[in-house]
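Report on one structure; see the data block that follows.
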Amino acid sequence: MNKQIAIALAAVLTGCSMLPDYQRPAPPVAQNWPASAAGTRQATATEWRTFFPDARLQTLIAAALEHNTDMRIAVARVDEARAQFGIARADRIPNINLAASRNAALTPGDLSPTGRPLNSQRYDVDLLMPAFELDFWGRVKSLSDAALASYLATEEARRAFRLSLISDVANAYLALLEFDERVGIARVTLRSREETRTLIGKRREVGLASDLDFLQADGAYETARADLANLLRSRAAADNALVLLTGKMPSELPHGRSLAEQGIVADLAAGLPAEVLLARPDVLAAEQKLIAAHANIAAARAAFLPRITLTATLGTASQALSGLFAAGSRAWSFQPVLGLPLFDAGRTAANVDLAEARQVIAVAEYEKTIQQAFREVADLLAAREQLAVQADALDTAAKTQAQRLKLADARYQNGISSYLEVLDAQRELFTAQQNAVQTRRQLLTAAAQLYQALGGGRNNLH
């Protein structure tokens with residue numbers, strides 16, 4: 001009881017202001033990224049079609065945004081939250097209803113003033129204003145503000161999902177291109193090893209090659225055949241992932257573009273952490289939840305204070321239906337009610353404690369979201385920088401291994417070295433080529449994920 005009285009007195013003394021105005025918490029992260037943030041354009045100002053200029057990828061992203069089932073669920077949740085906000089906002093405006101009624105009753109004689117059974121009836125047509133609360137302390141407004149913030153949080157969550165879906169489609173497309181290239185390399189390697197095995201078989205027949213050379217060539221061929229089968233399986237899985245995201249048929253998926261070509265993704269500048277992170281949809285959604293929690297505290301505290309509700313009717317009444325609109329049939333009622341909670345076994349105080357605890361949770365979740373976002377962007381910036389170096393090194397290594405294979409094959413043909421040297425050069429070349437393609441895909445994937453992590457296309461997400 002003491003806590004209830006203290007809160008009520010504090011509210012009265014401070015007028016209608018139940019809580020200080022909402023203040024955004026300071027971002028709990030460093031002022032600069034730990035890795036290079038160089039780039040040519042800001043992610044938040046870059047529409048996804050500009051960042052992904054590949055026409056085939058644009059077609060896939062557009063299909064996913066239109067047909068993806070999870071996207072439809074996210075949109076429906078926004079509609080749900082918007083409707084809930086509309087319900088809460090309506091409580092701030094008096095509701096007017098039209099009511100028509102007929103009341104008939106039979107009173108037995110022993111209860112009638114005349115000692116005889118009494119029939120009575122009444123017809124009413126009224127405009128009715130049911131219990132409307134005068135929001136002196138801002139309780140209803142706070143509930144409406146909380147509903148608005150919840151709606152905006154859901155809208156930001158939809159934008160976050162939309163951005164994530166764009167990134168997922170881009171990553172799946174890049175994976176498909178990667179496996180296309182790796183399958184192409186594996187097929188070339190298989191043909192080469194088949195030709196080598198055939199050639200060594202002929203050399204063995206004339207005594208120019210040993211059984212060991214042939215067995216090594218045959219083993220290398222079978223290994224290449226197994227590698228190709230494994231890559232074809234992975235490419236089928238990449239096809240299926242893209243089908244699930246976009247709703248496209250497998251025959252409609254694009255194939256054949258090289259990851260080394262220009263114009264698949266654009267470059268980005270990261271900007272300052274505080275500017276970038278606070279524009280991310282997931283961070284904005286967390287902040288809206290914090291705003292809703294702040295408003296709910298005000299509503300919970302206002303429950304300690306007197307509540308005034310008004311109920312009124314204006315219409316006509318008559319004992320007979322024919323006299324309902326006759327002169328002198330006008331009727332009205334006006335019923336103001338003042339209510340003040342005196343004892344509720346601590347329910348109202350517990351609701352305040354609950355709202356305050358939820359605000360503490362909302363603050364922590366908001367800060368955690370920013371910290372996770374900072375780490376995500378920092379990791380991707382570091383990955384972008386180092387993967388570029390790694391991709392360049394692996395491209396050079398693949399070219400070097402190709403030269404090595406030519407020399408090893410020439411040495412074997414001239415009888416200077418064994419076939420084992422050729423076999424080793426073949427394996428190293430195949431591995432270098434596969435690694436180079438994988439790293440190029442990882443570099444492009446990091447760029448696509450960075451677009452998402454930086455809140456890409458913030459002004460173009462509708």
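The values are calculated or read from the model by the stated rules, or taken from the named source; none is laboratory data. On a predicted model such as this, the values are computed, not experimentally measured, just so you know. FYI the Cβ positions are ideal-geometry reconstructions off the backbone, even for glycines, and counts take in every protein chain you see.
Name the residue, out of Leu228, Leu215, Leu232, that is more than 26 Å from the chain's Cα centre (by Cα), under 21 Å from Glu421 (Cβ atoms) and either modelled with pLDDT under 85 or in the same structural domain as Leu176 (by TED's automatic domain parsing) (or both).
Answer to the selection: Leu215.
Of everything in segment 118-162 that's surrounded by fewer than 20 Cβ atoms within 10 Å (Cβ to Cβ) and touching a Pro at 6+ places or on another chain (Cβ under 6 Å), which residue is nearest to Arg280 (Cα to Cα)?
Phe132
Go through segment 48-84 and give me each residue that's under 22 Å from Leu259 (Cα atoms) and either of a type in the set (Asp, Glu) or in contact with a strand residue (DSSP E or B) (Cβ under 8 Å, 6 or more places away or on another chain) (or both).
Answer for segment 48-84, where residues must be under 22 Å from Leu259 (Cα atoms) and either of a type in the set (Asp, Glu) or in contact with a strand residue (DSSP E or B) (Cβ under 8 Å, 6 or more places away or on another chain) (or both): just Asp54.
Within segment 358-369, does at least one residue satisfy the condition of being aromatic (Phe, Trp, Tyr) and assigned to a helix (DSSP H, G or I)?
Within segment 358-369 (the criterion being aromatic (Phe, Trp, Tyr) and assigned to a helix (DSSP H, G or I)), the answer is yes, since at least one residue qualifies.
Can you run down the residue pairs with Cβ atoms below 9 Å, 6 or more apart or on separate chains, where the first is in segment 380-400 and without any contact (Cβ under 8 Å) to a residue 24 or more places away in the chain and the partner is part of a helix (DSSP H, G or I) and polar (S, T, N, Q)?
Ala393/Thr439
Which helices (runs of 4 or more DSSP H) does segment 45-127 wholly contain that include 1 or more residues that are on the phi > 0 side of the Ramachandran plot?
Those helices (runs of 4 or more DSSP H) do not exist here; none qualify.
Is one or more of the residues making up segment 180-200 more than 30 Å from Tyr419 (Cβ to Cβ) and touching a residue at least 40 places away in the same chain (Cβ under 8 Å)?
Taking every residue of segment 180-200 in turn, at least one turns out to be more than 30 Å from Tyr419 (Cβ to Cβ) and touching a residue at least 40 places away in the same chain (Cβ under 8 Å).
Could you list all residues from segment 388-440 that are within 19 Å of Leu215 (Cα to Cα), outside any helix (DSSP H, G or I) and out of contact with any helix residue (DSSP H, G or I) (no Cβ under 8 Å at 6 or more places or on another chain)?
Across segment 388-440, the qualifying residue is only Gly415.
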